[in-house]
Structures are given as structure tokens and as C-alpha cells.
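Colleague: Dropping a structure here in C-alpha cells format, bear with me for questions.
The values are calculated or read from the model by the stated rules, or taken from the named source; none is laboratory data. Computed from a prediction, not measured in an experiment: that's the story for all the values here. Glycine also receives a Cβ, built like all others from the backbone with ideal geometry; neighbour counts cover every protein chain displayed. Note: areas computed on protein heavy atoms with side chains; ligands, DNA, RNA excluded. Shrake-Rupley method; radii C 1.70, N 1.55, O 1.52, S 1.80 Å.
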Amino acid sequence: MEVSFTQEIKSLALGAGDTFHGEGILAITKALLQSGVAYVGGYQGAPVSHLLDVMVQAKPYMQALGVHVEACSNEASAAAMLGASIHYPLRGAVTWKSIVGTNVAADALSNLSSPGVKGGVLIVVGEDYGEGASVIQERTHAYALKSTMCLLDPRPDLQCMVDMVEHGFRLSEASNMPCILELRIRACHVRGSFECRDNQRSAYSTQNLIAEPAGFDYMSLAHPPVTFRHEKLKGEERLPAARRYILDEALNELMPAVPDSQHADLGIIVQGGLYNTLIRALQQFGLADAFGQTQVPILVLNVTYPLVPKQLGDFCLGKRAVLMVEEGQPEYIEQELATLLRRADIQTPLHGKDMLAQAGEYTAEVMASGLLRFIEHTIQPTRGHSAQSSSEFSLAGVASWLSGNQARRSAVAQALLTPLPARPPSMCIGCPERPVFSALKLAQQDVGNVHISGDIGCHALATFEPFSFGHSILGYGMSLASRAGVSPMMNRRVLSVMGDGGFWHNGLLTGVQSALFNGDDAVLLIFKNGYTSATGTQEIISTPDEAGKQMSADKQQSLAHLNQTIENTLNGLGVKWLRSVNTYEVQKMRSTLTEAFTTPFNGLKVIVAEGECQLERQRRIKPWLASLLRKGERVVRVKYGVDEDVCNGDHACIRLSGCPTLTLKDNPDPLKVDPVATVIDGCVGCGLCGSNAHAATLCPSFYRAEIIQNAKWHERLLASARSVLVNAMRPA
């Protein structure tokens, strides 16, 4: 089954007088319940996956509260759920990973924002931006601007984050605008505590149904001609209402300078999510302490759209200079701030991207570099004394720290003489997708190199060595669609790869349906591992049921073949050429791929590669095996190894596999210099190494061993006889 969130679910039931301890994203989840949310939906994806995963597993508790929880097929379907709040006083929340998720949901968000909402709407997006991101480096801010949605960027403090969730619903209701709450990776995983409140029940819920539907109101439709009126309402009513609420409730925080500070005539405006990093950077200058006491006034924008002109103008008025700290590009906030100041005839010098990095995550080191330029530009020339003579801060110390970091990196590189070897991410040990790419390598020896349209998912790791497969990745489930412009121009058939998660997310309609309608001659490879594995192994419609899982566990078998929803769907849609192959059968997969590339059949050819996600398989198998051992029952575990006397040191097996447990060790033969292959601890016994050796006709050095625990008496007797015989055959 999926990862268990038993302890996290318990924390959702905390009430007034209790203290929550945990991660930021779980605090957000608890805050939704404290806000009286009526329905929650979304699509999983780091860094906000836990929000939806916890709520899905807490469905009994959610049902008791009357909260409907929906695991949506994609972000567009999640955003469409928010239509419930257009007519009814229902608070709704949805979540997904941005920016890719927001791209998918954009159509629904536009059509939601035009008529506006009656019930509060909160869209929690994981702002996957910066060094730890796994997506394109873009920002959600543009969507808030173009569709006129409030954008919240809370300071990474659990109490502040919880407050902003509750205010987000109220702000949405006060302005009739949907609200987006963006959470950076660091904010999602920041740990802390806050004082809980009791969970609130919605006035209408699954426990208290709406008696009659709302009356027809054409103004509530995103349809011309009323959309022209909607556009006017955004500027005439909604934005002013949002700004009033932001001011009245003091959602943006002013952190004044400490008394008697010599730098109170400077100012820093910062996105809420960057506040902690800013304080850390200021500490390096001696301009702040660990508790947030600062020598320079700071305006923390917990709401980054809409901006409040009066608030910003009052903060900047009379300042010698202001620094706008905004991560990413374009500098939306800085541009709008500059416009607001000029319109108010406030001539305070404004700095931002002229001092700070144009793009990339604002780590403490990056931010300190920008602050150094700002301070050198604004303080030193005016004060007329050297940094060393200042009793409050030392520019020399910060400059030394920054240059020292660079010097240490250079010294390490020089000491190594050669750069460190690349360590690309890899598929999990025993991953059922690795054998398919091994087979694809071998198939291309028969048919030649093929153009491969990649996709989002675990299989995207095949873009790294030793496979280096994939010419494009253009969206989740869009690999088959993305080859449509290539395959008619190619002399050889094009291969598209997607997972079962991508198939249900987008691939069925944008890819399969389109290819069939247009009669395209294409090859599609679907990895059917039973879950949306790359996002945390959440269950999908093609996941086998609990009975199937138990049956598979009892037999230690893969369960991928137990659910035929994908195959039935493809057959029903009209796919004529369909093959299902166990992924670990490398030779059969190789021949099937070769057939797909060479068959005279003209049309869509689909290969379903069946192999259960190894992580989920181990989660099922290990507890079952442990229970057998506790009962004293017989347990057999398969182990693979390499006969070092047979291994020829060619290492083709490693280049064909890439499994982390298949590696090298020194050759025990003193007359040989090439290291030999070896299988280290961690092997799960998937058999890929031996299957590869057979399919590629490599040296026969792999062996398969069965490790038997609680063996029967005759097995122990046979093992003893074998041991005696082997010892007798060894040379003296």
C-alpha cells in the first residue's frame, strides 16, 4: 500500500489548547480544517504532496467533518472543482505542484476568476523554484496578474502560514477573487509549532446538504457578453476590496528597525517566503540577529498581489534607498512598485535586480552578495567612513566570507585535479522500468537509432547515463502528442514513452485519441507499474484492488497484470496493435520493440510494459515475509551474484543496466588488472543482470542463489551434502 500517514492524520484532530508540532505543509493541511473548508481536491506532486496524501488517507475523519476529498486525475480537473464556490457559500481548496500544474489548470482558473467566487477559494501551489526543483524555472506570479487572483506568499513561520490560510479564505470572500497560496520547498518542509484551534464545520457539507440549487444567474458564467462586465468589476470592485482587507487585517508585516538604529532611513521590501533567508543574510553583516531584530526596516509582503499603493508609498516615503528582494524573473513586483512610486511622485531610489541575481534561488549566500552591493552603494558613500570603523557591521567580514566560499570551491577542484565524476539520479534498485531501457538499447542495435519522445515520470531518469534516452519532455502525458510533428518527417518510426500516471493524467486524450483520429503510424510504450510513482506512489484507477494485492503478496508476485483498465481502455478506443510484456523479460521486450518498429502494420502500436513499482512491492512483501519468519515458516529469498573467476572485466553488463547494486571491485586475480563486476548488498533479486546477460549474449558470470530461512530437514541435509562435495573438489 501507499506510505502511511497515521501520525500525521492524528495531528489533524488537534483542537483548542493543543500545540501542533511538525512540517509546514501539514500545518497548512490542519489550517484548512480550522477554516471550515467544505471540499478539498488536487493532484499530487512535490513539494505539496503530503497535503492531499494525508487527506485521502484521512477520509473517514474528513467524512465525519463533512469535508469532501477528491483525488483528481489532473490539475485541470482539480481547478474545475472550484466552480462549486461560484454560486454557493462553500469554502474550497485545491492543491498541486507549480508551475507545471498551474499551466495545466490555467483554462479553468481563467474561467473561475472571470465571474468570481462567493465562497472562499484557496489554491495551494508548491512553488517548485530553485536549486531543489524538478521542473522548469518559472513563477506562479504571472497567473495571478493575468487572471486577477490574490497571491499569498507567507513568511515561513508555522503560525504565520496558518493565519494566512484562514485569512486567504476571508480575503477571497471579501473580494470575490480566488486566492493562490504559494509555498516554496523550504516553507513546505520548515518545522515548527503553533497553537491549534478547533476544526470548523462548513455550513453546507456532505453532512448538511444544500436543499435546492442556486437560481440561474448569467453573470456567474464566464461567457460573453458578461465577461466584459467581469473585467470592469476586477478593477472597480474586487481589487479595491482586496486592498482594503489587506490593510485592515495587516496581512503584510512591518518589521521596524530597532530603536536608535543608524539605518532606519533605508528600507527592504521582501516576499514573505524569502524573509527567513533575508534575516540570515543580514546576520552576516551584523544588521540583524537570529530573533529578527533588524537595523534596517523591512516590509514583508505576505500578499504579493495585489500590492497596496498607500502601504508601499508610506514605507518608501522619506527613505534614502529601498531594496526590493524578489526571487526569479521577470521582476513583476519591482516593476509595479516602481510604477506606484512614480505615480505618487515619490522619488526614493529603488533597487532590486540591479543589485541582486536575475534568476535562481535566493540562498543566504546569493542574497548576501546583493546586500553587499546595496550597502556599499547606500551606506558607505554617505557615512563617509570605512566599513572597518563601523561599530554595527563589517563589510569586510562579509566580503571575506563570500570570497572564502568561492576560494574553498576552487581549492577543492584544484586538489582533485580532475572534476568530480557526474552522479546522475538513478531509478530505484529493482525498478521495473530499467529492463525496458536495456531492451531498447538492444533493439536499436537491430533497427538503428530512433527518435524518443520522453515524458514526466520515473522513466525520465533514462535521460541520464547509461541510457541517455529522450529527445524532448513537453508535459505530463504528452509524449505521444509531442512526436506528432516529428514522425511524419522521420524515415524510421518514432517511439513515445509514458507512465500509467501520465496516461491517465493527459496521455489518453492528447496522445492516443489524437493519434487514432489522425491515423498516425506511431509506437507508444506505456509503463504500467500500478501507481503514479514519481509523485509518491499514489494509487490510480489502474492500481489493483486490495484483494489483488493480498493475492500477489502471498505468491510474491508482481501485481501489474491484475488490473487491465489500461488495456481495456485502449481496446475500447480502437487500438488494433497491442502487446503486454513483463518488463523483466528483456529478450521478449527487445523482440517486441523490434517488431513494433518493423511491422508492416500502419497505425498506432502500443506496448504495455508490466512491472509493479519495486518500492510498493517491497512494502507489501517485507511485512509478509517478516510474519512468516516470526511463525517459523519457510522463506526463500533470491540473491544474484557474479562469479569473479568467470567475469572477463568487459563491464558491458553495467553499461546495459545501470543498477546501483551492480558495480566494480578489485580483481582477486593478481595477473589481471581490470576490475570485476560484483553485486553488492541492497540487491532485491529482480534478475535484470542475468536477463541482460542472456539477451545481449554477455559472459556467463552471473549466478542465481536461493537463500532459504527455516529450511526443511531434507533441504538442510541436501545443503550439507553439497557443501561436503564442493569442499572435496577444491584444490588442496
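Colleague: Restricting attention to the stretch 267-286, does a residue exist that is of a type outside the set (A, V, I, L, M), open to solvent by less than 30 Å² (accessible area, probe 1.4 Å), assigned to a strand (DSSP E or B) and under 30 Å from Val69 (Cβ atoms)?
Modeller: no
Colleague: Okay, moving on. May I ask you to list the residues in the stretch 566-593 that are part of a helix (DSSP H, G or I) and within 22 Å of Gly690 (Cα to Cα)?
Modeller: Here is the first cut: in the stretch 566-593, the ones part of a helix (DSSP H, G or I) are 566-573, 586-593.
Those that are part of a helix (DSSP H, G or I) and within 22 Å of Gly690 (Cα to Cα): Val586, Gln587, Lys588, Met589, Arg590, Ser591, Thr592, Leu593.
Colleague: Also: Could you look through the stretch 313-326, keep only residues that are open to solvent by 10 Å² or more (accessible area, probe 1.4 Å) and of a type in the set (D, E, K, R), and pick out the one that is nearest to the chain's Cα centre (by Cα)?
Modeller: Within the stretch 313-326, the match that is nearest to the chain's Cα centre (by Cα) is Asp314.
Colleague: Applying the selection to the stretch 666-679, what residues are in a strand (DSSP E or B) and of a type in the set (A, V, I, L, M)? Write out each step before concluding.
Modeller: First, pick out the residues of the stretch 666-679 that are in a strand (DSSP E or B): 676-679.
Of everything in the stretch 666-679, those that are in a strand (DSSP E or B) and of a type in the set (A, V, I, L, M) turn out to be Val676, Ala677, Val679.
Colleague: When you go through (1) of a type in the set (A, V, I, L, M); (2) open to solvent by less than 30 Å² (accessible area, probe 1.4 Å); (3) under 16 Å from Gly499 (Cβ atoms) one by one for Met478, which number turns out not to apply?
Modeller: (2)
Colleague: From the list Val726, Val679, pick out the single residue that is modelled with pLDDT under 90 and either open to solvent by 40 Å² or more (accessible area, probe 1.4 Å) or under 41 Å from the mean Cα position of the chain (by Cα) (or both).
Modeller: Just one listed residue meets the conditions, Val726.
Colleague: Let me ask another. Please count how many residues of the stretch 127-140 are surrounded by fewer than 23 Cβ atoms within 10 Å (Cβ to Cβ) and either basic (Lys, Arg) or in contact with a Leu (Cβ under 7 Å, 6 or more places away or on another chain) (or both).
Modeller: Our first condition is that a residue be surrounded by fewer than 23 Cβ atoms within 10 Å (Cβ to Cβ); within the stretch 127-140, this holds for 130-139.
Narrowing further to those that are either basic (Lys, Arg) or in contact with a Leu (Cβ under 7 Å, 6 or more places away or on another chain) (or both): 139.
So the count comes out to 1.
Colleague: List the strands (runs of 3 or more DSSP E) inside the stretch 1-93, counting only whole elements, that have at least 1 residues being under 23 Å from Glu539 (Cα atoms), touching a residue at least 40 places away in the same chain (Cβ under 8 Å) and open to solvent by 20 Å² or more (accessible area, probe 1.4 Å). Break it down into steps so the answer makes sense when it comes.
Modeller: Numbers: elements: 19-23, 39-42, 68-71.
Answer list for the stretch 1-93: 68-71.
Colleague: Further question on the same structure: Mind counting the residues in the stretch 221-266 that are surrounded by fewer than 18 Cβ atoms within 10 Å (Cβ to Cβ), of a type in the set (S, T, N, Q) and closer than 18 Å to Lys319 by Cβ?
Modeller: Residues flagged as surrounded by fewer than 18 Cβ atoms within 10 Å (Cβ to Cβ), of a type in the set (S, T, N, Q) and closer than 18 Å to Lys319 by Cβ within the stretch 221-266 amount to 2.
Colleague: Residues that are within 30 Å of Ser657 (Cα to Cα) and either modelled with pLDDT of 85 or more or not charged (D, E, K, R) (or both), at least 3 per element: which helices (runs of 4 or more DSSP H) completely within the stretch 368-455 meet that?
Modeller: Numbers: elements: 380-383, 395-416, 434-447.
Here the list reads 434-447.
Colleague: Now for a different question. Going through the stretch 141-183 one residue at a time, which ones are more than 27 Å from Gly292 (Cβ to Cβ) and open to solvent by 10 Å² or more (accessible area, probe 1.4 Å)?
Modeller: Listed by number, the residues that qualify are Ala142, Tyr143, Leu145, Lys146, Thr148, Glu173, Ala174, Asn176.
Colleague: Looking only at the stretch 291-312, which residues are within 24 Å of Cys150 (Cβ to Cβ), open to solvent by 10 Å² or more (accessible area, probe 1.4 Å) and not in a strand (DSSP E or B)? Please lay out each step first, then the result.
Modeller: Within the stretch 291-312, the first condition is being within 24 Å of Cys150 (Cβ to Cβ), and the residues that meet it are 298-312.
From what's left, open to solvent by 10 Å² or more (accessible area, probe 1.4 Å): 305, 309-311.
The answer is Pro309, Lys310, Gln311.
Colleague: Anything in the stretch 340-357 that is in a helix (DSSP H, G or I), open to solvent by 60 Å² or more (accessible area, probe 1.4 Å) and either within 14 Å of Lys319 (Cα to Cα) or among the β-branched types (Val, Ile, Thr) (or both)? List them, or say none.
Modeller: Within the stretch 340-357, no residue meets the criteria.
Colleague: Could I ask something else about it? Which of the residues spanning the stretch 616-665 are assigned to a loop (DSSP other than H, G, I, E, B), at negative phi and surrounded by 12 or more Cβ atoms within 10 Å (Cβ to Cβ)?
Modeller: Arg634, Asp643, Glu644, Val646, Cys647, Asn648, Asp650, Cys659, Pro660, Thr661
Colleague: Please enumerate the residues belonging to the stretch 455-472 that are open to solvent by 20 Å² or more (accessible area, probe 1.4 Å), of a type outside the set (Gly, Ala, Ser) and more than 16 Å from the chain's Cα centre (by Cα).
Modeller: Thr463, Phe464, Glu465, Pro466, Phe469, His471
Colleague: Take the conditions touching a His at 6+ places or on another chain (Cβ under 6 Å), of a type in the set (Gly, Ala, Ser) and either modelled with pLDDT of 95 or more or within 30 Å of His230 (Cα to Cα) (or both) and apply them to Ser114. Does it pass? Outline the logic, then answer.
Modeller: Numbers: touching a His at 6+ places or on another chain (Cβ under 6 Å): yes; of a type in the set (Gly, Ala, Ser): yes; either modelled with pLDDT of 95 or more or within 30 Å of His230 (Cα to Cα) (or both): yes.
In short, yes.
Colleague: Report, ordered by the first and then the second residue, all pairs with beta carbons closer than 8 Å, sequence separation of six or more or different chains, a first member in the stretch 650-670 that is more than 14 Å from Ile680 (Cβ to Cβ), and a second member that is among the β-branched types (Val, Ile, Thr) and open to solvent by less than 60 Å² (accessible area, probe 1.4 Å).
Modeller: Listed by first residue and then by second, the contacts come to Asn667/Val676; Pro668/Val676.
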